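Novice: Sharing a structure with you now.
The values are calculated or read from the model by the stated rules, or taken from the named source; none is laboratory data. Computed from a predicted model, the values in this text were never measured in an experiment. Cβ placement follows ideal geometry from the backbone for every residue including glycine, while neighbour counts extend to all protein chains displayed. Ligands, DNA and RNA are excluded from the accessible area calculation, which covers all protein heavy atoms including side chains. Shrake-Rupley method; radii C 1.70, N 1.55, O 1.52, S 1.80 Å.
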Amino acid sequence: MAVRWDGRDIYLNVRDLLPPADYERLAANIPLPQRGKMGREAQSYLQNNRRIQKSLFIAECVVNHSYPYRDVTFHVSGRIDGVYKMPQRLELEEIKSVMMNAGAFRTVRPEALPHFTTQALIYAYLLQDSNQGVEVIPYLRLFNLINDKEKRFRLKYNRQTVERMIIARFESLYTAGEKEARRNVVRQSALRDLHFDLPEQRPGQKMMMDAAAQALLQKEHLLVSAPTGTGKTAGALIPFLKHAATHGLKIFFATSRTSQQEQVLNTLRRIDPHETVFRYFTVGAAGRLCANPVFFCHESFCPYIDTFAQRLDQSRLTEQLLARKGLTRDDLYQAAVEKRLCPVEVQNKLLRHYDVLIGDINYVFDPMASRKNLFGREGFDKWLLIVDEAHGLPDRGRDYLSVTLSRHTLESLGFELAAEKSKVYDGLRAALDLWYKWFDAREEEGRVHYTDREAYAFDPPVKELTEMARVFEAAYIAYLMHKVRRNIIRPNDPVEALYYLFRRITFSLRQEEVPLKGLFSARDGGTFRLVCPDASGYLRNRLERFTTVLAMSATLDPLDYYQNMLGFPPDNTRRLFVPSPFPSDHKKVVIVPHISTRYKDRHKTWPLVAEVIRETIAVKPGNYLVFFPGFDYLQNVSLFLGNCPVEIIRQRPEMQEEERREILAIIKKKETPVALLAVLGGIFAEGIDFSGDMAIGVIIVGPGLPPHTHERELMRAHFENVHGDGDAYAYRYPAGQKIIQAAGRLIRTQQDTGVIVLIGERFAEEKYQELLPDYWLEKPGDVEITADYRAALLDFWQGLERKNRKGHPSS
Ligand code: SF4
């Protein structure tokens, strides 16, 4: 529980009265969930034992007491592991698990564990106060997880000393609270001086701001489909900032793109340059902030975590960083590294002090990366959430809950373990054997029932899989203990990797609100995939914790589809379609319908597609982006682009960020026009502006439906069942999103003009036309279906020239 201020009442837990704990030596070798689990197991073992021995023993004894202090009241609560009710006195027992080698445990004294002893002594104080001052004797009971030995110490309890300690802590909490209250007064008065005006008022932005303000007022969610140029960032952020400041709330702006994070920061800097009202910070991913050459959080292996809490306290780094205005994650990294402190842990300490956090979508939605502590500590109702690029979230949601496990992975680990002699490896080998047998059974089932198919689907046996994962976990814990005892340090441990994979599987299996299917294929000697065809139930659970969530994108069309896929509740969600801010006559959409781009016909139509590309460019030479459904298709068509009037650049599958930047630099230089051949959904199709002359046309070859894989077919069947239109949900709508994203590279500013050419007969069909956004079809003639595409394009470019000559561009 976090310290909670409620007027003049302050609610806190005994743990909030303790000084910062340092990392327990060697404990970092055990991943957190296991440490907690082992500790709890040890605790309940000791408690149960004690209950048998003494009938006066009360386990998990809850204590509460209120203490007036200055002009406030501290309400302290806690749960003591065990209390003995003796006739004249109470004895309390605080049970702690430790990991120490046998020699160290033999000689350990309670003074060496001040965190544990202080906790027991504060419990004694609290117990005494809740029992009319009766005599209390505190004990600390230690259980060593390394050798299963236990020790019990009677602690010296001096009420005055403990009281002084508690009062000192009350004072520091009181001072911090007063400081926060003063800051709030300053914030409220500074709020009046902030200018939330936009640099330029755009009609779509105004619509967004009004809709967001209403949603916040009514405690509803808001889905916004708004094309490029709307000014979505400010349109969402400004009403949220106003609301957050006046209601004492915080904002998490979830966006994965660095450029977008920068835009959020710029908006904040413009509104509140000195952070008088809002403290804002961009959250860094652990992988990026890690200062150690190898990401392995063990104090013997990483100097940045060794004695971390103690050194952090001495360095006063958190205070210094909080005093800085405009702190970025890079600044934090530098400062932490200078003090040789882990930047990730420093960031964790700071996060709760900020009013606006900007970070990756995974922090909110990925079960393995989400910041439950951050939101949970404050309470989700204290947070407002903005999700940018929300169109990508349904796919991410499915990825969070779908897991692949191949026999190859299991056998690779089995091979590594084969030579290990210690008994602890027998447990791991036995756990792997269960999985081998399960794979054998799946293979057999496939042979008997599905002989002519390369893969088959089945309902995942939840109990069996959970039990097999549990057996592996038990063996894994024994293995961890073995590592600790022997001080084995192993970065990138494959046992640990497999354990985390099983954790993902069991997490998914526990989600009752999501449909799951098993898929078994012959690939890699047998591959099992747990498939989540639809993550909307899981996403809904996450979203509904927040009072208001605004999700936005340029491609949330059709909104019904996205609302269903994102899990936004129909009874509590507003929806907004924002029209394009750009004049419709700045672009022309031409559909070339006489060429089949279907998979079976492609080899016959490569030359025809190449001809359309060539001719489109010939009508008006300049930079063009040509998008294909895949690399093979791109490569084959490019073989026929011999006489293209511009230079051809091809995206390659393995292309890295560096190369991408080089290509963009070439295009920007404008020495010779370029046709960039790229793939839909790839690195050139999203998140890049090709404004001005960087692109005067986008050509899209075929609708780029997702391939007919077994997994996609499971999706189709699921959505057919749930929404009655499996084809649209599994194939057409995802394809439409990629088309709109790719075409959206073209018109980025009021001055931009260009053509969008869609090649393929399917684009002329009604069900594919539905995929085109409304703002492409504002007036008759905006979209033309014609085999005489040259004439249509020529007409558009000549019309534009005429307008420009007359000097009255419609913008
Ligand atoms: S620097 Fe931090 S994140 Fe990196 S290995 Fe050390 S403790 Fe882990």
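Novice: Which one is least open to solvent (accessible area, probe 1.4 Å), of the residues in region 235-260 that are within 23 Å of the chain's Cα centre (by Cα) and modelled with pLDDT under 90?
Specialist: Among residues in region 235-260 that are within 23 Å of the chain's Cα centre (by Cα) and modelled with pLDDT under 90, the one least open to solvent (accessible area, probe 1.4 Å) is GLN260.
Novice: Among the residues of region 144-151, is any open to solvent by less than 40 Å² (accessible area, probe 1.4 Å), more than 27 Å from LYS483 (Cβ to Cβ), of a type in the set (S, T, N, Q) and touching a strand residue (DSSP E or B) at 6+ places or on another chain (Cβ under 6 Å)?
Specialist: no
Novice: I'd like to verify a number: residues in region 669-715 that are of a type in the set (D, E, K, R), under 33 Å from the mean Cα position of the chain (by Cα) and modelled with pLDDT under 90, how many? Reasoning before the result, please.
Specialist: Pass one, region 669-715, residues of a type in the set (D, E, K, R): 669-671, 686, 689, 693, 711-713.
Then drop every residue that is not under 33 Å from the mean Cα position of the chain (by Cα), which leaves 686, 689, 711-713.
After this cut, where a residue has to be modelled with pLDDT under 90 as well, the list is 686, 689.
Residues that pass the stated criteria total 2.
Novice: Same structure again: Within region 287-336, count every residue that is open to solvent by less than 40 Å² (accessible area, probe 1.4 Å), assigned to a helix (DSSP H, G or I) and within 10 Å of the ligand (Cβ to nearest atom).
Specialist: Count: 3.
Novice: Considering only region 216-226, I want to know if a residue exists there that is in contact (Cβ under 8 Å) with a residue 60 or more places away in the chain, among the hydroxyl-bearing types (Ser, Thr, Tyr) and out of contact with any Phe, Trp or Tyr (no Cβ under 6 Å at 6 or more places or on another chain).
Specialist: No, region 216-226 contains no residue that is in contact (Cβ under 8 Å) with a residue 60 or more places away in the chain, among the hydroxyl-bearing types (Ser, Thr, Tyr) and out of contact with any Phe, Trp or Tyr (no Cβ under 6 Å at 6 or more places or on another chain).
Novice: Just one of (1) aliphatic (A, V, I, L, M); (2) assigned to a helix (DSSP H, G or I); (3) free of Cβ contacts under 8 Å to residues at least 24 places away in the same chain trips up ILE488, so point out which.
Specialist: Single failed check for ILE488: (2).
Novice: Check GLY379 against each of (1) open to solvent by 10 Å² or more (accessible area, probe 1.4 Å); (2) within 16 Å of the ligand (Cβ to nearest atom); (3) under 29 Å from ARG183 (Cβ atoms) and name the one condition it does not meet.
Specialist: So GLY379 meets the others, but not (2).
Novice: Only one of SER422, SER412 is open to solvent by 40 Å² or more (accessible area, probe 1.4 Å), away from the ligand (no atom under 16 Å from the Cβ) and closer than 30 Å to TYR436 by Cβ; which? Please lay out each step first, then the result.
Specialist: Working: SER422 fails: open to solvent by 40 Å² or more (accessible area, probe 1.4 Å).
Answer to the check: SER412.
Novice: Could you tell me whether any residue of region 721-735 is surrounded by 14 or more Cβ atoms within 10 Å (Cβ to Cβ), free of Cβ contacts under 8 Å to residues at least 12 places away in the same chain and on the phi < 0 side of the Ramachandran plot?
Specialist: Narrowing region 721-735 to residues surrounded by 14 or more Cβ atoms within 10 Å (Cβ to Cβ): 722-723, 725-726, 728-735.
Still in the running and free of Cβ contacts under 8 Å to residues at least 12 places away in the same chain: 725-726.
After this cut, where a residue has to be on the phi < 0 side of the Ramachandran plot as well, the list is 725-726.
There is at least one residue in region 721-735 that is surrounded by 14 or more Cβ atoms within 10 Å (Cβ to Cβ), free of Cβ contacts under 8 Å to residues at least 12 places away in the same chain and on the phi < 0 side of the Ramachandran plot.
Novice: Within region 763-770, can one find any residue that is on the phi > 0 side of the Ramachandran plot and open to solvent by 30 Å² or more (accessible area, probe 1.4 Å)? Lay out the reasoning, then the answer.
Specialist: Filtering region 763-770 down to residues on the phi > 0 side of the Ramachandran plot leaves none.
Scanning region 763-770 turns up no residue that is on the phi > 0 side of the Ramachandran plot and open to solvent by 30 Å² or more (accessible area, probe 1.4 Å).
Novice: Right, another one. Give the residues of region 92-117 that are within 15 Å of LEU18 (Cβ to Cβ) and either part of a loop (DSSP other than H, G, I, E, B) or not assigned by TED's automatic domain parsing to the domain that holds LEU17 (or both), sorted by residue number.
Specialist: If the condition is that a residue be within 15 Å of LEU18 (Cβ to Cβ) and either part of a loop (DSSP other than H, G, I, E, B) or not assigned by TED's automatic domain parsing to the domain that holds LEU17 (or both), then LEU113 is the only one that fits.
Novice: Next up: When you look at GLU220, is it out of contact with any Cys (no Cβ under 9 Å at 6 or more places or on another chain), of a type in the set (D, E, K, R) and at pLDDT 95 or above, yes or no?
Specialist: On the way: out of contact with any Cys (no Cβ under 9 Å at 6 or more places or on another chain): yes; of a type in the set (D, E, K, R): yes; at pLDDT 95 or above: yes.
Yes; evaluated as a whole, the condition is true for this residue.
Novice: Please list, ordered by first then second residue, the pairs with beta carbon atoms under 7 Å, 6 or more apart or interchain, first in region 284-307 and in the same structural domain as THR328 (by TED's automatic domain parsing), second of a type in the set (Gly, Ala, Ser) and near the ligand (Cβ under 6 Å from one of its atoms).
Specialist: Listed pairs, sorted by first residue: TYR304/ALA291.
Novice: Would region 513-530 turn up any residue that is touching a Lys or Arg at 6+ places or on another chain (Cβ under 6 Å), assigned by TED's automatic domain parsing to the domain that holds LYS423 and of a type in the set (A, V, I, L, M)?
Specialist: Scanning region 513-530, I find at least one residue that is touching a Lys or Arg at 6+ places or on another chain (Cβ under 6 Å), assigned by TED's automatic domain parsing to the domain that holds LYS423 and of a type in the set (A, V, I, L, M), so the answer is yes.
Novice: Of the residues VAL83, VAL62, only one is open to solvent by 40 Å² or more (accessible area, probe 1.4 Å), part of a strand (DSSP E or B) and modelled with pLDDT under 95; which?
Specialist: Working: VAL83 fails: open to solvent by 40 Å² or more (accessible area, probe 1.4 Å).
It is VAL62.
Novice: Could I ask something else about it? Residues in region 751-759: is at least one over 33 Å from the mean Cα position of the chain (by Cα), farther than 25 Å from THR228 by Cβ and touching a residue at least 40 places away in the same chain (Cβ under 8 Å)?
Specialist: no
Novice: Does PRO273 meet the test of being assigned by TED's automatic domain parsing to the domain that holds ASN362 and buried (at least 20 other Cβ atoms within 10 Å of the Cβ)? Break it down stepwise before answering.
Specialist: Numbers: assigned by TED's automatic domain parsing to the domain that holds ASN362: yes; buried (at least 20 other Cβ atoms within 10 Å of the Cβ): no.
Criteria not met by PRO273.
Novice: I would also like to ask the following. Taking LEU498 and the conditions (1) closer than 25 Å to PHE415 by Cβ; (2) in contact with a Pro (Cβ under 6 Å, 6 or more places away or on another chain), which numbered condition does it fall short on, given that it satisfies the others?
Specialist: (2)
Novice: Here's a follow-up. Can you name every one of the strands (runs of 3 or more DSSP E) wholly within region 514-580 that holds 3 or more residues which are buried (at least 23 other Cβ atoms within 10 Å of the Cβ) and in contact with a helix residue (DSSP H, G or I) (Cβ under 6 Å, 6 or more places away or on another chain)? Walk me through how you get there before you give the answer.
Specialist: Values: elements: 517-521, 527-531, 549-553, 573-577.
Qualifying strands (runs of 3 or more DSSP E): 549-553.
Novice: So which residues in region 138-158 are without any contact (Cβ under 8 Å) to a residue 24 or more places away in the chain and assigned to a loop (DSSP other than H, G, I, E, B)? It would help to see each step written out before you state the result.
Specialist: Residues of region 138-158 that are without any contact (Cβ under 8 Å) to a residue 24 or more places away in the chain, as a first pass: 148, 154, 156, 158.
Those that are without any contact (Cβ under 8 Å) to a residue 24 or more places away in the chain and assigned to a loop (DSSP other than H, G, I, E, B): ASP148, LYS156, ASN158.
Novice: Identify, please: which residue in region 193-229 is in contact with a Pro (Cβ under 6 Å, 6 or more places away or on another chain) and not in a helix (DSSP H, G or I) and is, among those, most open to solvent (accessible area, probe 1.4 Å)? So that I can check it myself, show each step before the final result.
Specialist: Applying the first criterion (in contact with a Pro (Cβ under 6 Å, 6 or more places away or on another chain)) to region 193-229 yields 202, 204, 209, 212-213, 229.
Next cut, not in a helix (DSSP H, G or I) only: 202, 229.
On the way: ARG202: 72, GLY229: 20 Å².
Among those residues, the one meeting the criterion is ARG202.
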